[in-house]
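Only one structure is covered here, and it is reproduced in the block below.
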Amino acid sequence: MATTPLRSSPLALTVLALLHYKPLHPYGVQRLIKQWGKDQVVNVGQRASLYRTIERLLAAGLITVRETERDQLYPERTVYEITDTGRETARAWLLEMLAAPKQEFPEFPAALSHVLLLTPEEIVRALDDRLARVRAALERLEADLAQGAAIGLPRITLLETEYLRATTRAEADWLGAVLDDLRAGRLAWSTEQLVAFAQGQESAEG
């Protein structure tokens, strides 16, 4: 089968990784993603995105149709399996994702870059709300790790949860420090100060 280039993505890698273990239909893929906790790192909130990813993998020759299941209780289901090219591609994607940091553009840093549109009071309220949510997420991650340890899961299967705990804890610490500085007046600014800085930049560039 002729293949077409396909860019890597977390969801595409996850589909290939799950099919590496056994053939699955799309519902089985989605169910395993949730059962194995991969929905912490892969967005499967929209089933349509999973089906689009499967279609792209199929068109690229990375997976193939194994069979079509027919059951009176369920709609017809297509079962997919990974190809040899898919196995090689999954390994190549995985090695690249592990080794090379990728420039990503999440919402929160973008919002921080425009935070001057808000008043200090609004910023404090918004960051307070975020900190509460981040701390709640941290508690869930701690519980997931404790449960994994309790049932004897090998640590290698929990590395993504460890990483999320570390980054979530770091965000909580940073948010707490920024809020402390805002409330203590150590992080302060004025419109005049910002205008003067902008004018100075314009003069330097001119």
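The values are calculated or read from the model by the stated rules, or taken from the named source; none is laboratory data. Since the model is a prediction, treat every value here as computed from it, not as a measurement. FYI the Cβ positions are ideal-geometry reconstructions off the backbone, even for glycines, and counts take in every protein chain you see. Calculation scope for accessible area: heavy atoms of the full protein, side chains included, ligands and nucleic acids excluded. Shrake-Rupley method; radii C 1.70, N 1.55, O 1.52, S 1.80 Å.
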### Query
Given the structure, is residue 30 open to solvent by less than 60 Å² (accessible area, probe 1.4 Å), in contact with a Leu (Cβ under 7 Å, 6 or more places away or on another chain) and closer than 21 Å to residue 144 by Cα?
yes
### Message
With the structure loaded, tell me whether residue 61 is surrounded by 13 or more Cβ atoms within 10 Å (Cβ to Cβ) and in a loop (DSSP other than H, G, I, E, B) or whether it fails that test.
### Response
yes
### Task
Kindly indicate whether residue 49 is in a loop (DSSP other than H, G, I, E, B) and surrounded by 12 or more Cβ atoms within 10 Å (Cβ to Cβ).
no
### Query
Quick check: anything in the stretch 98-114 in contact (Cβ under 8 Å) with a residue 24 or more places away in the chain and touching a helix residue (DSSP H, G or I) at 6+ places or on another chain (Cβ under 9 Å)?
no
### Message
Looking for something among the acidic types (Asp, Glu) and touching a strand residue (DSSP E or B) at 6+ places or on another chain (Cβ under 8 Å) - is there at least one such residue anywhere in the stretch 96-113?
### Response
no
### Task
Taking residue 172 as the residue in question, decide whether it is within 28 Å of residue 37 (Cα to Cα), open to solvent by less than 60 Å² (accessible area, probe 1.4 Å) and either modelled with pLDDT of 95 or more or touching a helix residue (DSSP H, G or I) at 6+ places or on another chain (Cβ under 6 Å) (or both).
yes
### Message
If the requirement is being open to solvent by less than 50 Å² (accessible area, probe 1.4 Å) and farther than 30 Å from residue 13 by Cα, which of these qualifies: 164, 179, 117?
### Response
179
### Summary
Residue pairs within 6 Å by beta carbon, gap of at least six or interchain, first lying in the stretch 152-177 and of a type in the set (D, E, K, R), second open to solvent by 60 Å² or more (accessible area, probe 1.4 Å), listed first then second, are 160/41
### Summary
Filtering the stretch 163-188 for residues that are outside any helix (DSSP H, G or I) and either hydrophobic (A, V, I, L, M, F, W, C) or touching a His at 6+ places or on another chain (Cβ under 7 Å) (or both) leaves a count of 2
